[in-house]
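The values are calculated or read from the model by the stated rules, or taken from the named source; none is laboratory data. For clarity, every value in this text was computed on a predicted model and none was experimentally measured. Heads up, the Cβs are rebuilt from the backbone with ideal geometry, glycines too, and the neighbour counts pull from every protein chain shown. Just the protein is used for accessible areas: all its heavy atoms, side chains included, with ligands, DNA and RNA removed. Shrake-Rupley method; radii C 1.70, N 1.55, O 1.52, S 1.80 Å.
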Amino acid sequence: MPSSSSILGRSLEMDDAFSARCFARAYEAFHHWIEGTIEPVRSEVKALLFPAFAHSYLRIVKGDEEKVAGAFLERWTEAHASHFPEIEELKRGDLERLRRSKFEVRLSAVAAELVGEYLTRTANVSMIQLLNEHARIEIVESFSKGGGDAVLVEDEVNTRSELKLGALSSSVVDARARAFSTLPETFLDDDDDKANRYAAALLARARRPADTVESTARPLLSALEPTALAFSLSDARDVSTLKPSRDARRLAAGFADSSIRVYRVDEKTRTNKVAHEGPIYGLSWCTACRYLLSCASDGVAVLWDTETGRALCRYKAHAGPAWDVSWADLSRGHVFATCGADGGRVFTTDRPDPVRILAGHWGDATRVTFHPNAHYLLTGSTDKTCRLWDVRAGSYCRVLEAPSPVTSVDVSPDGHYAAAGCEDGSVRLWHLDSGAQVASHHPPKKKIRTTPVYSVAFSADAVALASGGKDRCVRIWAAIEDGRLSEPHRLFKTKATPVFDVSWTQKNLCLVSGPLLV
Amino acid sequence: MAARKPKKSASSLVHEWAKVVCGEANEQLQKASPAMRVEEIATEVALRVETRVRSLIQTAHRRRVGRRGEKLSVEDINGALESRGEPSLLRGSAGSRELDLKKLPSSSSPPREPSLALHWLSVDGNQPETAENDLEPMPREHELYVRKVTETIKGGESDERKLVFRSLRTADGLAGVAPALIKFCTDETRRKRSEGTLRNVVAALRALVLNRRARVELLLHDVLPAVLTCVVAKKLNSEVVREEAARCVADICEEFGDKYATLRPRVAKTLADALADDKPMGTRYGAIVGITALGPLAVATLLIPDAAALADKLQTKDHADARACSFALLQAILLYADHAAAASPKPTTMMIRRAA
């Protein structure tokens, strides 16, 4: 983007009532400062006043503080006489257009610097956040004459570029299929000769043409009448993240004491590893279920070989905590992404430094996942948006608005839909190409703020969406079929297991994992 | 929870605090900025402090959600402070408290290693009635059926038993009660029971395995270990139970072995391990019977290679158990020889002679 739309990086999320009071005060301070600046600058930066005013008003209204809102509008109407039509809109309560649009403001470099300096010095967080989100500041070389007014433009991020959401080319898919077919055929890894020989003898018998086993080619399970396998970890109070491998044979568990354990389902063994400092926040298995990535509050991502149990490589990803990590779903090209307070990072396994830095969220990027064709990746953030990033360009091409800070994201296997679970327990579904919301579910009011959705996942045939969270339930949404998320299609309660992760295998078996709290 | 009230009181609390602090520092404040009243300064201070505290809590909250914790912890707040370059303020409560080492062992159990357990949360859209799933209570008629079966297993008339086992073997609609029955049976094998009860338990499990409509498949992970235990248990003084359990294991392998490729190798491993020298004679007897029940292929790969050595060892001991073992081994070899003779024109007489 040519324009520099950010004045400062971070923003502060506040609860609505508190922020309403903050915004009234913050706007007042900002207004007085602008009125007090010297002339050539003042006529320029005055253009920022109306965007700041209008969006402050929107925030106050959102905070349900009617009295404050009325007084605020009354007090400043006169100062914004030139924006009469917009003020009328505000008075009518017709707020949708303002909410969806951005103000375009042209400022000289000097003026922009002055504003930035003032806002930073006075720590006027509310105004910083507001201008970051709703004004696009274009820097021009010289002082513009007379300083034009702010121009309201429809925010066109979601229509600006065409997306290539199709599946991967067949050669890549073939490669992936080959990776699957080369999975080892011995079932027992230890050196038990007898049992191995017996297994080999059984296999040899099964391969004889007389009794080729048809039952091994089981059909896809139904996602609407799902079969769900639950992995529950007992005596694990401080477990912080769980991830089963997609062949359902292993479970990786990260703990708050910075250790990682890998459980093998059929052997009842586990390995214990430490390479981080601080709680583990994210884990991701590669497609062939051998390599594991972990990320933690130390901002580092570590690549593990689970066959040998060794840490292969460390990637310094973030200054703050690394909230999540995700492999690109490819058998070749070892690409992965991490996310943290300073945005997303794309890595290839052979380089210690990121190959792309994805900056654009106003809050922490808390979840990341690749689009199935790996050209794009989706991040969820505490700034109440999900963003779809073009990996090659390193910029975002879709902004999807969520009702509250995002705690989980997924992209459908066909590549056309995105889903997110939020901190207030709501689940939302978007059409990626248009950036439009397809369906949404909000929990009943009284449960808000207590039940984050820790995981959402599309089934392998993209027919259903599973979500699970702190409320110890797994919900199956018949996502795309009827376009509504009014009631969960199926609801499975566990007795005492908050659902940390839901995922689906290739055969459409739903895998649910969480700690058993007793 | 009333979400609103405490929040407002938090704001006003900060405000009151700021008023007190500014009131105390009244003189200095007046000197520094005579234009402002103390109340104005207090309001300003309160707002700044509240913003700062809120932003700190927000950062800590982010960490809590990140580690999917139930409550905000001391570490979360310390982490938030550290990430802002500020010294951590709070310490965990355990560090400051003195522990009496003498009382420690009795007062609390040592921390246990986290362990993994699997269960079916849902099967084809229905939640099975296992202990882990949160379900409605069992219907009355199911409850009655389960009670009848468990009472009979614990000790019923022989006619009654036959009736019950036939019902378990053939009845429709057992899918709903199967989990409860299997839970009862597996619990029963863990306890020390009379031979008769155990035999009934194994027979009941076998009947359920053979009844396809009972859908034992979903509970195999509970059934198989229990039955295998009955085959190779160390402290079990009943050959009849071992034999019945061995037949049940063979049935399970027959029924589900093709579907689950690891099932047979896993059973084979358990049985082969039970043949080791340090195992009691009863366990070895169970292993031989178990392998024989699996069929000639299992005998050929698991038993025949060591048969000669095993037979030698068994012969040195003159004990009823050892004799039973020898006899079972002989039967296994006969089965294998039969099969080998049928399959190939060359009989393996050499080996049989050595083993016998």
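Brief remarks on what is shown
- Projected label points at A:GLU401 and A:THR77, each 7 Å from Cα along the beta carbon direction, are separated by 2.6 nanometres.
- Under the simplified labelling scheme, the B:LEU101-A:GLN437 pair shows an inter-label distance of 6.1 nm, with each label point 7 Å from Cα along Cα→Cβ.
- Estimated inter-spin distance, B:GLU157 and A:VAL355, nm [label 7 Å along Cα→Cβ]: 7.9
- Above-threshold pairs, the threshold being 28 Å between Cα atoms, out of A:LYS495/B:LYS183; A:LYS273/B:LYS183; B:LYS235/B:LYS269; A:LYS445/A:LYS495: A:LYS273/B:LYS183
- Selected from B:ARG190, B:ARG161, B:ARG62 as most flexible by GNM, with chain B as the system and alpha-carbon contacts under 10 Å: B:ARG62
- Each other residue within a Cβ distance under 12 Å of A:TRP33 adds +1 if Lys or Arg and -1 if Asp or Glu, for a net charge of 0.
- Ranking of A:ARG490, B:ARG213 by solvent-accessible surface, largest first: B:ARG213, A:ARG490 (1.4 Å probe, protein heavy atoms only, all chains present).
- Rounded to the nearest 500, the 222 nm mean residue ellipticity of chain B from helices alone is -21000 deg cm²/dmol, with -39,500 (n - 2.57) taken per DSSP H run of at least 4 residues.
- A 1.4 Å probe run over the protein chains yields, for chain B, 58 Å² of accessible area per residue, whole-number rounding.
- Gained length - A:ALA109 relative to A:LEU312, 0.36 nm times residue gap less alpha-carbon distance: 68.4 nm
- Axial C-alpha extent at least 30 Å, average Kyte-Doolittle at least 0.5 - helices from chain B (DSSP): B:320-343
- Accessible area in the full protein assembly, largest first, 1.4 Å probe, for A:GLU117, A:GLU74: A:GLU74, A:GLU117
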